[in-house]
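So the structure is just underneath, and the comments pick up after that.
The values are calculated or read from the model by the stated rules, or taken from the named source; none is laboratory data. This is a predicted model, so every value here is computed, not measured. Cβ placement follows ideal geometry from the backbone for every residue including glycine, while neighbour counts extend to all protein chains displayed. Calculation scope for accessible area: heavy atoms of the full protein, side chains included, ligands and nucleic acids excluded. Shrake-Rupley method; radii C 1.70, N 1.55, O 1.52, S 1.80 Å.
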Amino acid sequence: MFKNFKSVDKCTFGRGTFNQLDSILAEKRGENDKFMVFVVDNYFKGKELANKVPAHAEDMVFFVDVDPHEPTTDQIDELRDTILAQKGIPAGIIGIGGGSILDIAKALALMVKNEGSSQLYQGLNLVKKEGVYHVGVPTISGTGAEVSMTAVLTGPVKKLGLKCDWTVFNQIVLDPELIASVPRNQWFYTGMDTYIHCIESMTGYLKNTFSEAYGYKSLDLCREVYLHDSCGQTAINDEKLMVASYFGGLSLTYSEVGVCHALSYGMSYVFGTRHCFANCIIFDHLEDYYPEGVREFKEMVRKNDIFIPQNVSKDWTDAEVDKMADVALALHHMWNHALGTDWKNKITKEQVKDLYWRM
Ligand code: NAD
Ligand code: ZN
């Protein structure tokens with residue numbers, strides 16, 4: 001059975017495209033209870049971008065602090081209940097921020113139309129009704145959340161996305177000016193998510209010409225941003241990184257992620273480590289699986305003088321590592337891609353634990 005994916009309906013790219021947001025939203029404003037909800041990363045509160053958010057008098061604007069934790073099911077349920085209680089069903093939801101905010105916007109757009117807790121819908125195609133119109137405006141690049149069909153949420157029992165065709169954004173606005181202010185380490189960690197998406201999607205059993213075409217281009221762009229002489233946080237590299245993130249997202253969509261992401265979900269679940277940061281800590285030790293990719297990753301770390309924590313496992317207990325391994329091994333689709341359908345014969349729980357202990 002071949003995957004059959006829905007794409008983002010509309011995409012605008014270029015410096016200053018954020019200024020078009022108001023006109024983009026205009027034709028949708030008459031829908032449902034005729035108001036828009038803007039979910040904006042709290043980082044922008046009091047900054048110039050906040051003044052440029054095209055909110056009308058009837059709209060709601062939420063500034064959300066994404067630093068305490070990655071998006072949770074409780075957080076989505078609470079926001080959804082507030083919106084419904086105060087104003088009803090919005091015409092649209094607009095997320096302005098990094099992967100966390102984009103996932104919040106995607107999940108909210110579904111949850112204003114679906115009853116009960118978002119926990120009920122963590123998984124593939126569990127959402128019952130189409131959500132409302134939703135727009136993603138990334139302010140960090142790398143996760144591919146702008147293009148993916150999942151809204152990753154941490155719930156009481158699992159970290160798993162609300163994944164279905166309706167999750168995909170109706171519109172994305174890719175304005176490279178918005179990512180200029182990302183702090184250097186974060187710029188690296190989140191950008192490396194794209195790099196790792198491509199290495200994993202192109203090294204495994206589900207790789208195909210489609211995923212490779214996006215992956216090769218995305219990797220080239222990552223090298224220009226993080227490795228070549230002209231690397232670094234420059235205006236042109238911000239444009240390249242934004243496109244790399246989009247292409248990397250498509251590369252994995254048409255294939256699958258692998259060992260690093262499986263282990264990363266385990267680490268995030270047990271310790272709350274942020275996705276892109278966890279990926280960097282883990283990928284640094286995966287030379288057995290991705291020798292070329294890990295070698296180049298280490299070069300990028302050196303070139304950009306980035307801090308990747310070492311010896312983190314010295315503070316872990318066996319019970320914690322056990323739990324991480326359970327969470328990682330439950331992600332069958334990733335192992336299936338990385339090691340083949342007989343992956344259970346190729347890796348044991350002890351080996352997964354050993355990978356964690358190396359960190
Ligand atoms: P993030 O949204 O978690 O934000 C990281 C930090 O950067 C925060 O402190 C934020 O305030 C700050 N920030 C955001 N934009 C900024 C800017 N322009 N200038 C300065 N600071 C800025 O970062 P992320 O790495 O993009 O996203 C990680 C999240 O994405 C995780 O929750 C992860 O689960 C999710 N994710 C989703 C998918 C998907 O397909 N849906 C894929 C990968 C990761
Ligand atoms: Zn990722």
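When you go through 260, 276 one by one, which is the residue that is touching a residue at least 12 places away in the same chain (Cβ under 8 Å), assigned to a helix (DSSP H, G or I) and within 23 Å of residue 178 (Cβ to Cβ)?
Working: 260 fails: within 23 Å of residue 178 (Cβ to Cβ).
Sole residue among the options that is touching a residue at least 12 places away in the same chain (Cβ under 8 Å), assigned to a helix (DSSP H, G or I) and within 23 Å of residue 178 (Cβ to Cβ): 276.
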Looking at residue 161 and the list (1) modelled with pLDDT under 95; (2) more than 30 Å from residue 240 (Cβ to Cβ), which single condition is not satisfied? (2)
Scan segment 7-31 residue by residue and report those that are more than 28 Å from residue 183 (Cα to Cα), open to solvent by 70 Å² or more (accessible area, probe 1.4 Å) and not in a strand (DSSP E or B). 9, 23, 27, 31
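Look through segment 142-177, keep the residues that are acidic (Asp, Glu) and near ligand 1 (Cβ under 10 Å from one of its atoms), and return whichever of them is surrounded by the fewest Cβ atoms within 10 Å (Cβ to Cβ).
Looking at residues that are acidic (Asp, Glu) and near ligand 1 (Cβ under 10 Å from one of its atoms), I get 177.
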Scanning segment 311-345 for residues that are closer than 24 Å to residue 256 by Cβ and β-branched (Val, Ile, Thr), which turns out farthest from the chain's Cα centre (by Cα)? 341
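I'd like to check something: does segment 32-40 contain any residue that is more than 20 Å from the chain's Cα centre (by Cα) and within 15 Å of ligand 1 (Cβ to nearest atom)?
Just the residues of segment 32-40 that are more than 20 Å from the chain's Cα centre (by Cα), to begin with: 32-37.
Among the residues that remain, those that are also within 15 Å of ligand 1 (Cβ to nearest atom) are: none.
Taking every residue of segment 32-40 in turn, none turns out to be more than 20 Å from the chain's Cα centre (by Cα) and within 15 Å of ligand 1 (Cβ to nearest atom).
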Members of segment 229-255 that are farther than 19 Å from residue 141 by Cα, surrounded by fewer than 22 Cβ atoms within 10 Å (Cβ to Cβ) and in contact (Cβ under 8 Å) with a residue 60 or more places away in the chain: 254
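State the number of residues belonging to segment 218-241 that are out of contact with any Cys (no Cβ under 9 Å at 6 or more places or on another chain) and not hydrophobic (A, V, I, L, M, F, W, C).
In the first step, residues of segment 218-241 are kept if they are out of contact with any Cys (no Cβ under 9 Å at 6 or more places or on another chain); the result is 220-221, 226-236, 238-239.
Now drop any that are not not hydrophobic (A, V, I, L, M, F, W, C), which leaves 220, 226, 228-230, 232-234, 238-239.
The total comes to 10.
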Going by the conditions given, is residue 89 within 30 Å of residue 181 (Cα to Cα) and not polar (S, T, N, Q)? no
If you check every pair at least six apart or on different chains, which have Cβ atoms under 6 Å apart with a residue in segment 180-194 that is among the aromatic types (Phe, Trp, Tyr) first and a residue that is not in a loop (DSSP other than H, G, I, E, B) second? 188/304; 189/276; 189/277; 189/280
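Does residue 128 qualify as being of a type outside the set (S, T, N, Q), more than 14 Å from ligand 1 (Cβ to nearest atom) and open to solvent by 20 Å² or more (accessible area, probe 1.4 Å)? It would help to see each step written out before you state the result.
Working: of a type outside the set (S, T, N, Q): yes; more than 14 Å from ligand 1 (Cβ to nearest atom): yes; open to solvent by 20 Å² or more (accessible area, probe 1.4 Å): yes.
So residue 128 passes the test.
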Is there any pair linking a residue in segment 12-30 that is farther than 15 Å from residue 174 by Cα to one that is aromatic (Phe, Trp, Tyr), with Cβ under 6 Å and at least six apart or on different chains, and which? 28/133
When the residues of segment 49-70 are narrowed to those that are under 25 Å from residue 143 (Cα atoms) and assigned to a helix (DSSP H, G or I), which ends up most open to solvent (accessible area, probe 1.4 Å)? 52
Among 263, 286, 329, which is the only one that is open to solvent by 20 Å² or more (accessible area, probe 1.4 Å) and either of a type in the set (A, V, I, L, M, F, W, C) or under 22 Å from residue 233 (Cβ atoms) (or both)? 329
